[in-house]
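Any read-out appearing in this document is the output of simple, stated calculations on the displayed coordinates, not a laboratory observation. Quick caveat: nothing in here was measured; it's all calculated off a predicted structure. Every residue, glycine among them, receives a Cβ derived from its backbone with ideal geometry; neighbour counts consider all protein chains shown.
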Amino acid sequence: MDFNLKPSLTDLLAVASSMEPADGLAYFSNLFPNKVTFSSSFSEEDQVITHTILDKRLNIEIFTLDTGRIFPETYSVWSRTNERYNTTIRAYFPNDASIEKYVNKKGPNAFYNSVADRKACCFIRKVEPLHRALKGKSIWVTGLRTEHSPERKNLEVVEWDEANSIIKYNPLLHFTTETVKEIIKKNSIPYNSLHDKGFVSIGCAPCTRAIVAGEDFRAGRWWWEDSSKKECGLHAR
């Protein structure tokens with residue numbers, strides 16, 4: 001394969017699928033210099049990827065979406081990560097005018113009213129800021145794993161994200177929760193203390209609860225909704 005030319009999506013999938021995450025991240029950062037970015041929600045898998053990027057000093061930007069409704073514990077792990085790695089993880093915020101219009105028209109907790117209102121809130125607080133964060137980039141690194149939900153079992157390690165016109169790289173796609181936790185423990189990686197209290201998938205505070213034994217990984221997100229397919233729109237398919 002001639003890597004003087006940018007490989008096709010099929011080529012990238014073939015190469016990256018056989019690589020360990022650290023090698024894959026290095027591969028993409030070298031192939032697309034200054035064009036690779038990683039979106040972190042400070043989840044356990046995201047912290048593993050952050051550790052790899054910063055520990056190996058890879059040329060990959062790290063950013064987060066501060067929705068304005070995240071847990072204090074999430075801000076804590078954000079601060080501890082900056083301190084541990086002597087870095088500054090960039091934040092993208094909702095558009096002021098959009099969020100003011102939404103809250104003033106519908107109320108601060110309108111997302112409980114309907115799926116449509118919840119998705120509108122997610123769009124303002126997450127999806128639109130993500131579009132800005134990914135602008136001008138070629139590779140979007142995510143912490144998606146197949147264990148997260150049934151809908152994610154058909155994902156590829158490398159795929160095309162049509163909504164953002166970008167190549168998405170999911171280096172931990174086939175990692176188990178146990179493996180992720182082992183890496184965190186082995187490397188003393190900062191993690192969100194809510195994970196120790198039954199919170200598995202952690203998003204905005206009003207929209208996230210702990211789960212109990214036997215519940216689905218995503219059961220703690222938007223638990224008042226009947227739909228079995230609950231996403232915020234960041235990873236639309």
Against the definition (touching a residue at least 12 places away in the same chain (Cβ under 8 Å) and either assigned to a loop (DSSP other than H, G, I, E, B) or of a type in the set (V, I, T) (or both)), how does T88 come out, yes or no?
no
Kindly establish whether E100 is within 30 Å of L173 (Cβ to Cβ) and either in contact with a strand residue (DSSP E or B) (Cβ under 9 Å, 6 or more places away or on another chain) or among the charged types (D, E, K, R) (or both).
no
Going through the stretch 124-174 in order, the residues found to be among the β-branched types (V, I, T) and within 15 Å of F28 (Cβ to Cβ) are I139, V141, T142, V157, V158, I166, I167
Tally of residues being assigned to a loop (DSSP other than H, G, I, E, B), more than 13 Å from H51 (Cβ to Cβ) and under 17 Å from the mean Cα position of the chain (by Cα) across the stretch 180-202
5
Do you know which residues across the stretch 132-166 are assigned to a loop (DSSP other than H, G, I, E, B) and among the hydrophobic types (A, V, I, L, M, F, W, C)?
L144, L155, V157, A163
Hey, can you tell me all the residues within the stretch 91-115 that are in a helix (DSSP H, G or I) and within 14 Å of W224 (Cβ to Cβ)?
A110, F111, Y112, V115
K126 being surrounded by 15 or more Cβ atoms within 10 Å (Cβ to Cβ) and touching a Pro at 6+ places or on another chain (Cβ under 9 Å)
yes
